[in-house]
Amino acid sequence: MKRSGPSFRQQQVELKTCPACHGRGVVSGLFHEMPCPDCESSGYVAKDADLALSVQDLILQLRLECNEKATEIERLRRQLLNTSPTENKHGPMGTYYRGD
Ligand SMILES: [Zn+2]
């Protein structure tokens, strides 16, 4: 592993749903739910390690995940807009509604 510069890294770690809490971030205690200790209540653990990331790493990873999802949503939205029929100005069954 190459390590140069500050220890803070912007590396994306593959996440998976926390097996201990099944992504809920809480585990059922005897009487009530408690924050999941395995994943710092995030619902995610590192895919390879099965371990909770540090809170700082979690924030970074979840932000990267968020950015990725936002990009994905934007891409799908554009795709949807491109494929949706544009000649849908008429009402159902081709009737033309004049509104008076
Ligand atoms: Zn958990």
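What follows draws every value from the coordinates through simple rules; no lab data is involved. Worth saying up front: this structure is predicted, and the values here are computed from it rather than measured. All Cβ positions, even for glycine, are placed from backbone atoms using ideal geometry, and neighbour counts span all protein chains on display.
Extending 7 Å from the Cα toward the beta-carbon at both N67 and V26 defines two label points whose distance is 3.2 nm. The Rg/Rh ratio for the stretch 15-82 is 1.15, where Rg is the radius of gyration of the alpha carbons and Rh is the Kirkwood radius.
Below 8 Å between Cα atoms, with a sequence gap of 6+, how large is the relative contact order for the stretch 15-82 in percent? Averaging sequence separation for qualifying contacts and normalising by length gives 23 percent for the stretch 15-82.
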